[in-house]
Amino acid sequence: MTESQRPSGEYPMYPSYGNGDAAYPPPPSYRPAEPIATGPDTTVWPGGNDGSGGSGGNGAGGPDFPPPAPQEPAAPRQRARRPVALLAAVAIAAAMVGGGTATVVEQLTGGGTNSAASEVVPGTTVSQSSKGTVSGVAKAVSPMIVEINATSTAGESTGSGVVITSDGEIVTNNHVISGASSIKVTLSTGRTYTADVVGTDPDKDLALIKLRGASGLKTATLGDSSAVAVGDQVVAIGSPEGLTGTVTSGIVSALDRDVTVAKEDGSGQGQGGQGGGEQWPFEFGGRQFNGDTGESTTTYKAIQTDASLNPGNSGGALINMNGEIIGINSAMYSASSSNGSSGSSAGSVGLGFAIPVNTLKADLDTLRAGNSS
């Protein structure tokens, strides 16, 4: 039997693990850590060993356990990026297709305003739907037009007027109230007031009267007659033949007509007035219409309209389709009756004239001061 030549103790003896005999230690329950190579001539052992055989980082001289494997940081979630990339592609396509798709992209990314808030749909009201119609103008302005009954030694005349202040200032024609000893005014509501003359301007055939004890009246809006054009649609409101609140319509058929009317007391239009002949006399182009104008006359530039005017419309309103007063109706042409001597005329034939409202506005201070020219 051959004896081993190795010195005694060359092989380490390990304690017994249950069988009483020397045995090798059991394998660890984990895979031994591998050295980490970091560079030439250097080896780092997990757990703090540096290859020198010293004890590790456990402080007990026993085998060091490897630290847990470092966890890789979670990859950034790509889901949030995908819609951005997708929307960017959509935005590029939208630039070629049109603004509608771009609006959708802005809504999805929150970069734009809500289209429902930015696209305002205009509302429609009853008053707005009737604006620009004859019925709408009539409804809005009729409460501001009154009937005037003036009594004088020459008889009684009927005309119209326009309320311009809430306390009862009313504009009319001078020839409607000229020489009157008593003036009664009837509103569109049927209420009657007594009126006094504030001022007159026979040269412009304008007059200003004021109701006694009136307040809270609806007032008309005075427009701009310089903006009136031939062909504009207009509405006339007055009391022809005593028919209060009569509405007619037509167009502006000419501008700057030189119309001459009478200034004498009692020479104007009337209903049952003195003379009994054709009423509302005026001159145009050197010719007399609807009766003799007499010796005392005045001439002014007038708006011509084909809106039907009749005796009683004098002093009433000519109105544009915005409901603004653009003229004060003052004269009309009416074909006389066949024998030329009866007390009536054949009525309107579509030749009416109105004093431009800018003439009235320029004369208001004079009328309010009570001055007469």
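The values are calculated or read from the model by the stated rules, or taken from the named source; none is laboratory data. Only a predicted model underlies this, so the values are computations on that prediction, with no experimental measurement involved. Positions of Cβ are backbone-derived with ideal geometry, glycine not excepted, and every protein chain shown enters the neighbour counts. Quick note on the areas: whole protein, heavy atoms, side chains included, nothing else; ligands and nucleic acids left out. Shrake-Rupley method; radii C 1.70, N 1.55, O 1.52, S 1.80 Å.
Under 7 Å between Cβ atoms, at least 6 apart or on separate chains: pull out the pairs that start in the stretch 214-233 with a residue that is within 13 Å of Asp167 (Cα to Cα) and end on any residue that is among the aliphatic types (A, V, I, L, M) and part of a loop (DSSP other than H, G, I, E, B).
Listed by first residue and then by second, the contacts come to Thr219/Ile164; Ala220/Ile164.
Can you name the residue in the stretch 336-358 that is small (Gly, Ala, Ser), outside any loop (DSSP other than H, G, I, E, B) and at pLDDT below 85 and is also nearest to the chain's Cα centre (by Cα) among such residues? Show your work before the answer.
Applying the first criterion (small (Gly, Ala, Ser)) to the stretch 336-358 yields 336-338, 340-348, 350, 352, 354.
From what is left, the residues that are outside any loop (DSSP other than H, G, I, E, B) are 336, 345-348, 350, 352, 354.
Next, from what is left, pick out any that are at pLDDT below 85: 336, 345-348, 350.
Details: Ser336: 49, Ser345: 47, Ala346: 46, Gly347: 42, Ser348: 39, Gly350: 36 Å.
Among those residues, the one meeting the criterion is Gly350.
For every residue, the table says whether it meets (1) at pLDDT 90 or above; (2) in contact with a Phe, Trp or Tyr (Cβ under 9 Å, 6 or more places away or on another chain).
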site	(1), (2)
Glu283	no, yes
Ile303	yes, yes
Gly315	yes, no
Leu318	yes, no
Asn329	yes, yes
Ser334	no, yes
Leu360	yes, no
Asp365	yes, no
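Tell me which of these Ser267 doesn't satisfy, since it passes every other one: (1) modelled with pLDDT of 85 or more; (2) closer than 15 Å to Ser330 by Cβ; (3) of a type in the set (Gly, Ala, Ser).
If we test Ser267 against (1) modelled with pLDDT of 85 or more; (2) closer than 15 Å to Ser330 by Cβ; (3) of a type in the set (Gly, Ala, Ser), just (1) comes out false.
Name every residue in the stretch 164-181 that is hydroxyl-bearing (Ser, Thr, Tyr) and either surrounded by fewer than 23 Cβ atoms within 10 Å (Cβ to Cβ) or at pLDDT 95 or above (or both), in order of residue number. Steps first, please.
Residues of the stretch 164-181 that are hydroxyl-bearing (Ser, Thr, Tyr), as a first pass: 165-166, 172, 178, 181.
Residues satisfying the conditions are Thr165, Ser166, Thr172, Ser181.
Could you check the stretch 182-221 and list, in sequence order, the residues that are out of contact with any helix residue (DSSP H, G or I) (no Cβ under 9 Å at 6 or more places or on another chain), open to solvent by less than 60 Å² (accessible area, probe 1.4 Å) and under 24 Å from Glu324 (Cα atoms)?
Val185, Thr186, Gly190, Leu211, Ala214
Being over 36 Å from the mean Cα position of the chain (by Cα) and within 29 Å of Leu255 (Cα to Cα) narrows it down to one residue among Ala138, Ala220, Ala207; which is it? I'd like the intermediate steps shown before the answer.
Working: Ala138 fails: over 36 Å from the mean Cα position of the chain (by Cα); Ala220 fails: over 36 Å from the mean Cα position of the chain (by Cα).
Among Ala138, Ala220, Ala207, only Ala207 is over 36 Å from the mean Cα position of the chain (by Cα) and within 29 Å of Leu255 (Cα to Cα).
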